[in-house]
Amino acid sequence: MKICIIGTGYVGLVTGTCFAEIGHDVTCVDNDPAKVKILQSGGMPIYEPGLAEMVRKNVDARRLRFTASTSEGVAHGDVIFIAVPTPPHADGSVDLSFIEKVAREIAGAMTAYKVVVDKSTVPVRTGDKVSETIKRYCKAKVEFDVVSNPEFLREGFAIEDFLKPDRVVIGVRSDRAVSAMREIYAPIHAPIIVTDINSAELIKHAANSFLALKISYINAVAVLCEASGANVVEVANGMGMDARIGRRFLDAGLGYGGSCFPKDLSAFVKISEQLGYDFRLLKEVQRINAGQMDRFVKKIIETLWVAKEKTIGVLGLAFKQNTDDVRQSPAIELCQRLIAEGAILRVHDPQAMSKAKAVLKDVTYVDEMNDVAIGCDALVIATEWPEFRKLDLNRVKRELTHPILFDGRNLFDPAEMEKLGFVYKSIGR
Ligand code: UDX
């Protein structure tokens, strides 16, 4: 199939590249000429495991190309995917101006039937608006279909999630568009769920909010575990073995962050409000998430008595493992809170240091994870990078002025840490 992807952010770039990988002929459009130049010259604007190689392979095979021209992309694609940002307004509602602008641009460039697919996360009923906009601005008066095809990929696992999804959701009105979408996804072995457009749009917000709810639920249970002497990991394992619940997204920690969950929850609360429903359950999910950070900061300060002038090492800056993304990162928030308390920070992240430097100044960036502890009064783990499990704990203990370790991601076994001589404080254990 001839496909055009508009927007080369995480979702757009992964989608375009994976479609090329499964054999389609893809043109990716971005309105940022600098980004297009980077991509055209074989560079990568983001870190995502395996993506750079896959882009190169498909560019070489002439199945994938990049351009700054929307009209060129629209002329190429029989199916056009919109994957532009949908950032939040100050009140949490969704700014749809990028989507609207792209809809107008597509309308202006269309000269034959197109399937216009929305991949960005949007409020329910956005498909209707896109449809109206294209109709209004399309001078050629050609036929088109609008489809909602939400994306569920996780950063750090984007390629795997895209090529082996649990399901593909297609919200659509016409049979013609269903056939086009089925053909595109034919090489991907996953159940395809065909719904109306509104349901598809709602599935995305409902799913992400439910996952955030799972995280807040286990974080609330972690509070009870700490108060009662139970172990939240054991509780999560015991709950998770019930197939109706499932173990995933039951890891207690510093709370969820990133560019999706916080934004999607606020949006869903706002969308519900606009539809006349006060989704108080989700407001509580947000409150628990914020409380998790407060509790952890309090734990650090209570142990150190005062944080002012203490040197604290922080391992992890990305919002989660396997990404360089620091947007809405709990780890960055933690650093800022500790700096506000007067602490002096030494920090490290396997991938996110250069992005962190733009938002986190006045800290010492350390290249090697085992060196972070040098001269620190305490060490904090803020992101669940798997390499942190391989820390040289004996050396870390020697480097620390006091062997205190705060583990915001439950990477180590409390009994073993105690045996090694650490004062070890984690979450819900
Ligand atoms: C999420 C959704 O998973 C994905 O389907 C959607 O398309 C985009 O949003 P992502 O933001 O990449 O993906 O990250 P995810 O792996 O879901 O983690 C989100 C946050 O939750 C991270 O901060 C992570 O540390 C935290 N988390 C996750 C927990 O605290 N505990 C868990 O058990 C799982």
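Selection of region 369-394 for residues being farther than 22 Å from G156 by Cβ and not in a strand (DSSP E or B) yields N370, D371, A373, I374, G375, C376, D377, D392, L393, N394.
In this structure, is R154 assigned to a loop (DSSP other than H, G, I, E, B) and under 18 Å from G12 (Cα atoms)? Steps first, please.
Numbers: assigned to a loop (DSSP other than H, G, I, E, B): yes; under 18 Å from G12 (Cα atoms): yes.
Yes.
If I filter region 373-429 down to residues being within 32 Å of the chain's Cα centre (by Cα) and on the phi > 0 side of the Ramachandran plot, which single residue comes out as least open to solvent (accessible area, probe 1.4 Å)? Across region 373-429, the extreme among qualifying residues is G428. Of everything in region 352-368 that is in a loop (DSSP other than H, G, I, E, B), under 24 Å from the mean Cα position of the chain (by Cα) and among the aliphatic types (A, V, I, L, M), the residue that is farthest from I312 (Cα to Cα) is A358. The residues in region 94-120 that are open to solvent by 20 Å² or more (accessible area, probe 1.4 Å) and not basic (K, R) can be counted, and the count is 12.
Condition check ((1) more than 25 Å from A186 (Cα to Cα); (2) in contact (Cβ under 8 Å) with a residue 60 or more places away in the chain; (3) open to solvent by 60 Å² or more (accessible area, probe 1.4 Å)) across all residues:
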{"site": "I3", "(1), (2), (3)": "no, yes, no"}
{"site": "Y10", "(1), (2), (3)": "no, yes, no"}
{"site": "T15", "(1), (2), (3)": "no, yes, no"}
{"site": "F19", "(1), (2), (3)": "no, yes, no"}
{"site": "D25", "(1), (2), (3)": "no, no, no"}
{"site": "V59", "(1), (2), (3)": "no, no, no"}
{"site": "A68", "(1), (2), (3)": "yes, no, no"}
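Tally the residues that are within 11 Å of the ligand (Cβ to nearest atom) and over 15 Å from the mean Cα position of the chain (by Cα), restricting the search to region 298-331. Result for region 298-331: 1. Residues of region 254-277 that are on the phi > 0 side of the Ramachandran plot and either near the ligand (Cβ under 7 Å from one of its atoms) or under 13 Å from the mean Cα position of the chain (by Cα) (or both): G255, G258. The residues listed here are V79, V146; of these, the one that is out of contact with any Cys (no Cβ under 9 Å at 6 or more places or on another chain) and aliphatic (A, V, I, L, M) is V146. Within region 293-313, the presence of a residue that is within 30 Å of E48 (Cβ to Cβ), open to solvent by 20 Å² or more (accessible area, probe 1.4 Å) and assigned by TED's automatic domain parsing to the domain that holds E387 is excluded. For region 159-169, the candidate set comprises residues that are away from the ligand (no atom under 11 Å from the Cβ) and not acidic (D, E); within that set, the residue that is most open to solvent (accessible area, probe 1.4 Å) is K164.
The rows are residues; the columns are (1) near the ligand (Cβ under 10 Å from one of its atoms); (2) open to solvent by 10 Å² or more (accessible area, probe 1.4 Å).
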site: L153; (1), (2): yes, yes
site: F157; (1), (2): yes, yes
site: G171; (1), (2): no, no
site: S174; (1), (2): no, yes
site: R182; (1), (2): no, yes
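Of N237, N231, which residue is away from the ligand (no atom under 14 Å from the Cβ), open to solvent by 40 Å² or more (accessible area, probe 1.4 Å) and either more than 15 Å from the chain's Cα centre (by Cα) or of a type in the set (V, I, T) (or both)? It would help to see each step written out before you state the result.
Details: N237 fails: away from the ligand (no atom under 14 Å from the Cβ).
Just a single option satisfies the conditions, and that option is N231.
Of all residue pairs spaced 6 or more apart or on separate chains, those with beta-carbon atoms under 6 Å, a first member in region 148-166 that is more than 20 Å from V117 (Cβ to Cβ) and a second member that is β-branched (V, I, T) and buried (at least 18 other Cβ atoms within 10 Å of the Cβ) are E155/T323; G156/T323.
The values are calculated or read from the model by the stated rules, or taken from the named source; none is laboratory data. These numbers come from a predicted model, not from an experiment. Here Cβ is always computed from backbone atoms with ideal geometry, including for glycine, and neighbour counts include all displayed protein chains. Note: accessible area is taken over every heavy atom of the protein model, side chains too, but ligands, DNA and RNA are not part of it. Shrake-Rupley method; radii C 1.70, N 1.55, O 1.52, S 1.80 Å.
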